[in-house]
Amino acid sequence: MASINNQAAQFAKTNQATNATAAVTVTIPVVVHVVYNTASENISDAQIQSQIDVLNEDYHKLNADYTKTPSVFAGLVADVGIQFVLAKRNPSGLATTGIERKSSTTASWGTADKIKKASTGGLDAWPSGQYLNLWVGTIGGGILGYAQFPGGAAATDGVVISPVYFGRTGTVSAPYNLGRTGSHEVGHWLNLNHIWGDDGTACTGTDNVADTPNQADENYGKPTFPQVSCSNGPNGDMFMNYMDYTDDAGMYMFSTGQSSRMNALFGSGGARVSLLTSQGGVAPSGGTCPTPASLAASSLTNTSATVSWAAASGALSYNLQYRVSGGSTWTTVNQTATSKSLTGLTAGTTYQYQVQTVCSGSSSAYSGIATFTTTGGVVTPTYCTSKGTSVAYEYIDYVALGSISRTSGADAGYYNGTASSTTLAAGSAQTISFSAGFVGTAYSEYVKVYIDYNQNGVFTDAGELVVSAAASTAATTRTGSFTVPASAKNGATRLRVVLSDNSATTSCGSYSYGETEDYTVNITGGARLDGTTARTSGTTGLNDQYTLYPNPASSVLTIARPLSMDPDQAFSVRVYDVRGSEIKGLSFVDGQLNVSTLRTGIYTLSVSDGSKTSHQRFVKE
């Protein structure tokens, strides 16, 4: 860094007469690595482009707000002459959008550069001599972004910015919603120091730029001019400079001296001079690029599948995208082969996939979406029968909950309406409406509503009788209210409505007068995961299933053997992360697995007793 600073000083001296107006014109190819834990962190292409637009405006003095600069500093506002473009060619010479994305279980990356390495869950840098690497991921700790100065390790060279401070549209959060975090951090990447010299309030530091006034420390918010410190009156601090800490709306200029210091990097002997000859911003040449065809899936297991497609003429590589069916985001893989083994999948789950051909200079449209379903998963439970023996006097003539709404006559004591469904969010308050139809005399009727929240095939667990309406002879619509528990298991399950003239009638069996109707509800946002049940006993238990608890687990996960299993029968366990890689070295003693060393996230537990193997998921808090 000392050598780079000396070169910058010599560059400024040599170009002293001209650097105010004759900035070097440099175009820097940019690759944006988006590493997201939630859907909102997977920011849109439009939000990414907005950040590129801000950089081009701010580094070319094209931002409209530079005119707010006080007159005493107005003559120092610089057109730095550096522009930015999303990469069009990747390090292998293939066409690219300049954006790559990766889903991660990491909720907060910190500043230890883990987001910059695939080995720690992030994405590797592209060659720093040819690209500006921008990583987008939640940093945490109140940090908007951080950058590496020139001269550091190539593998970590670049800038990291949290998604809510990246660009000026989409998910950005005020008052850092104008893309100026990018302008500030890229300034560091281009060798600019903080304008106050990082000396606390000593007034003895320097930012190594001659035309920025000495100031005591950082400014926040939107200061009023003049802001005097370090005896720098009457003009005071240049707080509107991008290298201060004001709100985005409060910064809008680089100085001439800062422009010289940045452009020195591209002069003779400059630390970033190789970017002048980078081809990363130039699309490779080429003609028509055909869309892949003949998509197929094979070798399906509980947690893996192989997808393939026919080779396309002129293909240099292929982009494969896959996701859980109906999901909002894709996982994208680039490769040269025409097949790919996917691991770390969820048992009994349908996935969608599509493929794009990457040719020299162009890419095809994505193919049509194909699907496959992994084996295994949770077995659909069989429910007990429930039926009124006679509907000669009363029956259910109306049920409504969410998108379920059915008006009917008598249905011979039972109606299977499970083809009709509605979605219920865990923790949400709900109201179900129902009414009785009568033939002749209106007798007193009781209505009970059940939901199998834990999907174990019975309605007798705590909280699953959600409505118990008192006796009524009214033929008008009545309602019952309930709250879906946060612990409800995600997915489709059974809703049962029972109308009877007997208060003792339950969720199962035949009864004298009345009617039962069944429907489907889809639970979303629940804390329980597919493949995990509460341990039960007797005829209502899942006798051949291992049970995990607590789930989520913070330190110890207990694995309880099936009720049908010999208590002396040994079993072994293996743990896999979301990529399908086995986690080694975990302690498993007397049915207890020590998970304290695992990172926060979702894992798959494989349990084997020597004759059969089962797979379940658990969450490490």
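Sort the following peptides by mean Cβ neighbour count (other Cβ atoms within 10 Å, averaged over residues), highest first: 407-420, 158-171, 38-51. Walk me through the numbers on the way to the answer.
Working: 407-420: 14.4, 158-171: 23.4, 38-51: 17.6.
Descending packing order for the listed peptides: 158-171, 38-51, 407-420.
I need to check one value: relative contact order of the chain, counting alpha carbon pairs closer than 8 Å and at least 6 residues apart, in percent. Working shown, then result.
On the way: 1517 pairs, mean separation 61.4, N = 621.
After rounding, I find 10 percent.
Among the listed pairs Lys116/Lys489; Lys88/Lys117; Lys61/Lys102; Lys61/Lys114; Lys102/Lys620; Lys116/Lys620, which have their C-alpha atoms separated by more than 31 angstrom in this model? Mind showing how you got there, number by number?
Working: Lys116/Lys489 35 Å; Lys88/Lys117 22 Å; Lys61/Lys102 34 Å; Lys61/Lys114 34 Å; Lys102/Lys620 20 Å; Lys116/Lys620 23 Å.
Exceeds cut-off: Lys116/Lys489; Lys61/Lys102; Lys61/Lys114.
Could you estimate the translational diffusion coefficient of region 61-109 from the Stokes-Einstein equation, with Rh from the Kirkwood formula over C-alpha pairs, at 37 °C and 0.692 mPa s, in whole µm²/s?
Numbers: Rh = 15.3 Å.
The estimated diffusion coefficient comes to 215 µm²/s.
Which net charge results for the neighbourhood of Gln49, defined as the other residues with beta-carbon distances under 13 angstrom from its beta-carbon, given Lys and Arg at +1 and Asp and Glu at -1?
Working: positive: Arg168; negative: Asp45, Asp53, Glu57.
With Lys, Arg at +1 and Asp, Glu at -1, the neighbours total -2.
If the cut-off is 27 Å between C-alpha atoms, which lysines fall inside it for Lys68, apart from same-chain ones fewer than 8 positions away?
Lys222
Over region 333-376, what is the mean sequence separation of C-alpha contacts under 8 Å (at least six apart), divided by residue count, expressed as relative contact order in percent? Don't jump to the answer; show the numbers that get you there.
Working: 43 pairs, mean separation 18.0, N = 44.
Relative contact order comes out at 41 percent.
If you work out log10 I(q)/I(0) by the Debye sum over Cα atoms at q = 0.05, 0.08, 0.11 Å⁻¹ from the coordinates, which of (i) -0.40, -0.84, -1.15; (ii) -0.35, -0.77, -1.08; (iii) -0.35, -0.68, -1.12 do you get?
Checking each listed value against the structure points to (ii).
Convex hull over the alpha-carbon atoms of region 296-373: what's its volume per residue in Å³?
Looking at region 296-373, the number lands at 84 Å³ per residue.
For region 451-483 and region 53-69, what is the separation of their Cα centres, given in Å?
62 Å
Could you rank the peptides 83-90, 354-361, 582-589 by their average count of other C-beta atoms within 10 Å per residue, with the highest value first?
354-361, 83-90, 582-589
With +1 on the Cβ of every Lys and Arg and -1 on the Cβ of every Asp and Glu, and nothing else charged, how large is the dipole of the chain about its Cα centre, in debye rounded to the nearest 20?
Numbers: 34 positive and 42 negative charges, 230 e Å.
With Lys and Arg at +1 and Asp and Glu at -1, about 1100 debye.
Applying a 10 Å radius around every beta-carbon, put 227-236, 126-135 in order of their mean neighbour count, most first. Can you show the working numbers first?
Working: 227-236: 15.0, 126-135: 22.0.
Descending mean neighbour count gives 126-135, 227-236.
For region 147-216, what's the relative contact order in percent, using C-alpha pairs closer than 8 Å and at least 6 residues apart? Mind dumping the intermediate values first?
Values: 89 pairs, mean separation 16.6, N = 70.
Contact order relative to length: 24 percent.
Every number here is computed from the coordinates shown, using simple stated rules; none is lab data. Just so you know, these numbers come straight off a predicted model, no measurement behind them. In this analysis, Cβ positions are derived from the backbone assuming ideal geometry, glycine residues included, and neighbour counts consider all displayed protein chains.
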